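The values are calculated or read from the model by the stated rules, or taken from the named source; none is laboratory data. Owing to the predicted nature of the structure, the values given are computational and were not obtained by experimental measurement. Cβ placement follows ideal geometry from the backbone for every residue including glycine, while neighbour counts extend to all protein chains displayed. Keep in mind that these areas ignore ligands, DNA and RNA; they rest on the heavy atoms of the full protein, side chains included. Shrake-Rupley method; radii C 1.70, N 1.55, O 1.52, S 1.80 Å.
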Amino acid sequence: MSRAVVATAYGGPEVLSVLDVEVPAPGPGEVLLDVRAAGVNPIDWKSYSGAFGTDPTRLPIRLGHEVAGVVVAVGPGVDDTPVGDEVIATGVGGGYAELVLVPAARVVAKPAQVSWAEASGLLLTGGTAVHTLEATGVGPGDVVLVHGASGSVGRFVVQRARLRGAQVVATASEATHADLRALGTVPVTYGPGLADRVRDAAGALGPVTVAIDTVGTGEALDVSVELVANRSRIATIAGFGRAGEPGIQLLGAGPGTDPGTAIRAAAVRQLVELAADGLLRVKVARTYPLEDAAQAHRDSIAGHARGKLVLLP
Ligand SMILES: NC(=O)c1ccc[n+]([C@@H]2O[C@H](COP(=O)([O-])OP(=O)(O)OC[C@H]3O[C@@H](n4cnc5c(N)ncnc54)[C@H](OP(=O)(O)O)[C@@H]3O)[C@@H](O)[C@H]2O)c1
């Protein structure tokens, strides 16, 4: 048995419970992980919010797409992931738990230098960030406007854009600006007048050539369209309501979007290596015991966590 967080109905975080669930032995190609940390992502609370429909046959919904943990059992045919390995995995079903079954193909070794909490926040947001940069072709000479740069995806977009030789203008609330400056960006506050502030901030760097939106507000998309001449170099991971906007790339899961499956899968090893070398840092804002998953989700929904929220089962 394992304690696990489930949504027993559609609604807000009040529908979450911690239940005892059966844990089958690993099947062919599967490993069983003792979860040390489970990363919280907005997709987790969106899954039971009704944003993707309210099909009653999907209930109860197990939560948690990414974890870091120790292999405690392996199924038939798993030769290269022995019991005792410390690993990270994304694309997991039900990671908010003490134990979770994961396809062995989805696990990768956890770098010893990276903590459990940091490791559990590396792959989902990191893979998304790489996808945005690949899709928009960011490289040396680019001036990239990143909306939501203080968020989990945004911080990775910023760090990877700088590693690719681009300059970054980063939108975020004032309290995060010193941190974003330390990452080599020019931070600006979002809100009315944003386009002019971005123009001023970009000043000596040159015109904005790429915009990456991790927020999804009308403001972020409007300013992107106003400032970036080539619309194919504007990408959003959150503003899917603007699907009709000609030329803006919609990245992730959903109708009319590019899932970037191959790019995200290929990014995994590269993200782990960069994190091991200290070139990519996961900022953990807060940790919670499994019982406080609902509070973690309230904090995520509030939209200003300023780092990863992590459950420690
Ligand atoms: N399509 C995909 O593949 C994919 C993958 C991962 C995530 N996502 C989506 O991407 C979004 C961000 O995820 P995340 O994990 O990075 O979330 P997060 O860590 O909670 O970050 C939220 C960000 O939004 C900013 N923000 C909040 N209100 C804002 C406003 N009114 N205007 C501008 N910025 C505002 C915050 O800035 P301050 O705190 O500085 O105010 C913060 O930078 C979510 O909607 C998530 O579902 C999509």
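Assorted remarks:
- Exactly one residue among T214, T236 is in contact with a Leu (Cβ under 9 Å, 6 or more places away or on another chain), crowded, with 19+ Cβ neighbours inside 10 Å and among the polar types (S, T, N, Q), and that residue is T236.
- Flag for E174 being within 9 Å of the ligand (Cβ to nearest atom), more than 21 Å from the chain's Cα centre (by Cα) and at pLDDT 95 or above: yes
- Comparison of T81, T8, T90 shows that the only residue that is within 27 Å of A302 (Cβ to Cβ), more than 16 Å from the ligand (Cβ to nearest atom) and in contact (Cβ under 8 Å) with a residue 24 or more places away in the chain is T8.
- Considering residues of segment 143-156 that are near the ligand (Cβ under 9 Å from one of its atoms) and open to solvent by less than 20 Å² (accessible area, probe 1.4 Å) only, the residue farthest from A119 (Cα to Cα): H147
- Residues considered: G303, G278, G218. Of these, the only one that is under 19 Å from G154 (Cα atoms) and at pLDDT 95 or above is G303.
- Qualifying residue in segment 90-97 (condition: closer than 26 Å to E291 by Cβ and modelled with pLDDT under 95): yes
- Strands (runs of 3 or more DSSP E) completely within segment 1-102 that count 2 or more residues being open to solvent by 20 Å² or more (accessible area, probe 1.4 Å) and touching a helix residue (DSSP H, G or I) at 6+ places or on another chain (Cβ under 8 Å): 16-21, 30-39
- Of the numbered criteria (1) under 20 Å from R233 (Cα atoms); (2) within 11 Å of the ligand (Cβ to nearest atom); (3) open to solvent by less than 10 Å² (accessible area, probe 1.4 Å), the one T136 fails is (2).
- Within segment 267-312, being under 16 Å from A89 (Cα atoms), touching a helix residue (DSSP H, G or I) at 6+ places or on another chain (Cβ under 8 Å) and surrounded by fewer than 21 Cβ atoms within 10 Å (Cβ to Cβ) holds for Q270, L312.
- Residue count, segment 160-171 (criterion: of a type outside the set (V, I, T) and within 13 Å of the ligand (Cβ to nearest atom)): 1
- Verdict on V102 being away from the ligand (no atom under 15 Å from the Cβ), more than 13 Å from A266 (Cα to Cα), in contact (Cβ under 8 Å) with a residue 24 or more places away in the chain and in contact with a strand residue (DSSP E or B) (Cβ under 7 Å, 6 or more places away or on another chain): yes
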